[in-house]
Amino acid sequence: MVRAIVGANWGDEGKGKITDMLGESSDVIVRFQGGSNAGHTIINKYGKFALHLLPSGVFYGHTTSIIGNGVALNIPYLCKEIKSLVERGVPEPKILVSDRAQIMMPYHILFDEYEEERLGKQSFGSTKSGIAPFYSDKYAKIGFQVSELFDEVLLEEKVKRVLEQKNILLEHMYHKPQLNPDEIFNTLLSYRDMVAPYVTDTALFLHDALKQGKTVLLEGQLGTLKDPDFGIYPMVTSSSTLAAYGAIGAGIPPYEIKDIICVVKAYSSAVGAGEFVSEIFGEEADELRKRGGDGGEFGATTGRPRRMGWFDAVATRYGCRMQGATEVALTVLDVLGYLDELPVCVGYEIDGKVTKDFPVTAKLAKAKPVYEKLPGWKCDIHGVKNYADLPENCRRYIEFIEEEIGTPITMVSNGPAREDIIRR
Ligand code: GDP
């Protein structure tokens, strides 16, 4: 059986915590897209961790963690992340890396920086982890697959060929230093030695695991609104953030994905530029940012302050629909206990008309939020274990959201720790 944990919004919904929690009842946990550009925050008995590339299941002794073929694999980063866990007392995790995963090249990171620099004010607000140049090269068929590291003759020839093109761009477009093919080739040989112990045909591994009745968890990064097709293009990421892509990025049949847990945040937050209809500013935003998440809403990778907003039911219903959500985990609800009333964005007004359907980016830019206000509960719900023990206004908020998004909320998260969860 395969379950997917994905985000309905702009990312940072708290997927890490839910994955860590459900990891306990899983045998295999797979990252299927993205790279080290976003982070998951996990708090457990070993401490507080911000994972960027490793699946959130690495803390359990019984799970196998897979870096799937769809991931942008930064090899030194992977090794560094594994080492940092072990150094902090986490048992050496069992990790497999797909032989079809592609490699984040040192120059992908450089090109990401150079392009953002070139764009200046028009930049994407990239995390500069090389993601866009990486996926561009993958689909332009000049990327390097892990499997290619193991044939030195072909590798050397390909490095030369690819760098010809890169050096033209570096010289004439970016006016930056040239890349040396020998250096890159040697770097790749060092990558090969680092990654070799983990490399395998992970699609075959998953096929066998599923045949044996094992439970597989697909761990998504970011959320629907950052998907290149269905998100706020072009302010999106470069690989699909949808559960459907999990089939491709992990290498499993789509019909195996039985449960799609969409993680939804009880308010809105976003990192980087792009349309954000229910965004709030000033003191109101500062207050929520300060109280939000676990110790404030600041990006796990970049440390940048996150943009804040009220719950957006239009974006979230769409987010859940495009994910194919079978259930929803509503997170960071505990943060909202200070508010007298809670605005919920229930519609977008575009050119004088109110819609509940999330539109394409050009229309989104014109959208004004239509709010409905719900009464606050004015108390701390952290520590509550049963749904019935939540204050009435808090339940009303949850049930209102559930009605708006049209997907059952089966879990409510009321704190950052693994055990801070109310199951309905
Ligand atoms: P992810 O990328 O979706 O995994 O999200 P992040 O882990 O980057 O961001 C979520 C933040 O909220 C982290 O700091 C978590 O520790 C924290 N968090 C997750 N669930 C809850 C919750 O229910 N309550 C509170 N207060 N914090 C939470």
**Q.** Qualifying positions in the range 179-205 - charged (D, E, K, R), in a helix (DSSP H, G or I) and in contact (Cβ under 8 Å) with a residue 60 or more places away in the chain
**A.** none
Q: Filter the range 81-112 for residues that are buried (at least 16 other Cβ atoms within 10 Å of the Cβ) and acidic (D, E) and give the result.
A: E81, D99, D112
Q: Take the range 334-355 and flag every residue that is β-branched (V, I, T), touching a helix residue (DSSP H, G or I) at 6+ places or on another chain (Cβ under 7 Å) and assigned to a strand (DSSP E or B).
A: V344, V346, I350
Q | Subset of the range 138-160 (residues that are crowded, with 17+ Cβ neighbours inside 10 Å and assigned to a loop (DSSP other than H, G, I, E, B)) | A | G143, F144
Q.
Can you confirm whether I43 is surrounded by fewer than 21 Cβ atoms within 10 Å (Cβ to Cβ) and modelled with pLDDT under 95?
A. yes
Q. Can you name the residue in the range 249-264 that is more than 22 Å from G406 (Cα to Cα) and crowded, with 16+ Cβ neighbours inside 10 Å and, of all such residues, is farthest from the chain's Cα centre (by Cα)?
A. E256
**Q.** Subset of the range 397-424 (residues that are part of a strand (DSSP E or B), within 14 Å of the ligand (Cβ to nearest atom) and touching a residue at least 60 places away in the same chain (Cβ under 8 Å))
**A.** I409, M411, V412, S413, I421
Q) What's the number of the condition I95 fails, among (1) part of a strand (DSSP E or B); (2) within 16 Å of the chain's Cα centre (by Cα); (3) of a type outside the set (S, T, Y)? A) (2)
Q: Could you list all residues from the range 305-323 that are away from the ligand (no atom under 16 Å from the Cβ) and of a type in the set (S, T, Y)?
A: Y318
**Q.** Odd one out for Y139, checked against (1) in contact (Cβ under 8 Å) with a residue 24 or more places away in the chain; (2) more than 19 Å from L119 (Cα to Cα)
**A.** (1)
Q: Give T302, T326 a once-over and let me know the one that is within 16 Å of the ligand (Cβ to nearest atom), hydroxyl-bearing (S, T, Y) and surrounded by fewer than 20 Cβ atoms within 10 Å (Cβ to Cβ).
A: T302
(Q) Suppose we keep only residues that are near the ligand (Cβ under 8 Å from one of its atoms) and among the acidic types (D, E) within the range 11-34. Which one would you say is nearest to D334 (Cα to Cα)? (A) E13
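The values are calculated or read from the model by the stated rules, or taken from the named source; none is laboratory data. Predicted model, so just to flag it, every value in this text is computed and none were measured. When we count neighbours, we look across all protein chains shown, and the Cβ atoms used for this are built from the backbone with ideal geometry, even at glycine.
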